[in-house]
Amino acid sequence: LQFVSQQLSQLYGPLYSLVTTNSAAYAVFQKTFRNGHTKYDHADPWTEDEENVWKVWAENVFIPSNLRIKTVIEDNAHLVLDGVMPDVFIDMLAHLESSKIVLPASRQGAMKMGPTMEALDQFARWPEGFNGYVHESYVRVADEYARLIGRSRGKHLMARVQKR
């Protein structure tokens, strides 16, 4: 029960919250940024204003959230289901590490729109199955926790009844 409680409170619960919030923020970003245009299209490059909007979102919303995701995974790897680091976690960490270069390079002026998009093409993308895995794992652990709590409460109640 204690281990499952830790899985829920330290790993899968925080990841579920972060992924849900991040997905909602990204949906808002998609509606407001280049609405109707492809995000990274070499034939339709970003304007300077669009690049600045992207940087603001990245610096203030996506990067802080992603860094929290990274911290949760790294600090709680011992709590992963079945004791094996899932590929989607490894892919997420690769995404987070490889994306570190984009904003610093653009801040230094080394990347204007064409090169920024090329840099975006090069780093590992958000893993396609990550959000689904986090959701499914959260539900699995929450169900197991509820099952164990039910069993624990039942034993406690049975002990009380037997004492009477």
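The values are calculated or read from the model by the stated rules, or taken from the named source; none is laboratory data. Predicted model only: the values in this text are computed from it and were never measured. Here the Cβ positions follow ideal geometry from the backbone for every residue, glycine too, while neighbour counts run over all protein chains shown.
How do the pairs read when you match residues in the stretch 1-17 that are farther than 14 Å from residue 70 by Cα with residues anywhere that are surrounded by fewer than 15 Cβ atoms within 10 Å (Cβ to Cβ) and of a type in the set (Ser, Thr, Tyr), using Cβ under 8 Å and keeping only pairs 6 or more apart or on different chains? Listed by first residue and then by second, the contacts come to 1/152.
Hey, does the stretch 5-12 have a residue that's at pLDDT below 95 and either touching a strand residue (DSSP E or B) at 6+ places or on another chain (Cβ under 8 Å) or not small (Gly, Ala, Ser) (or both)? No; the residues of the stretch 5-12 include none that is at pLDDT below 95 and either touching a strand residue (DSSP E or B) at 6+ places or on another chain (Cβ under 8 Å) or not small (Gly, Ala, Ser) (or both).
If I ask for residues that are exposed (fewer than 14 other Cβ atoms within 10 Å of the Cβ) and part of a helix (DSSP H, G or I), which ones from the stretch 83-95 would you list? 83, 87, 90, listed by residue number.
In the stretch 20-50, the qualifying residues are those that are in contact with a Ser or Thr (Cβ under 9 Å, 6 or more places away or on another chain) and modelled with pLDDT of 80 or more, and the one that is nearest to residue 139 (Cα to Cα) is 21.
Here is a yes/no grid of residues against (1) hydrophobic (A, V, I, L, M, F, W, C); (2) loosely packed, with under 15 Cβ neighbours inside 10 Å; (3) free of Cβ contacts under 8 Å to residues at least 40 places away in the same chain:
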position	(1), (2), (3)
35	no, yes, yes
67	yes, yes, yes
70	no, no, yes
73	yes, no, no
77	yes, yes, yes
81	yes, no, no
97	no, yes, yes
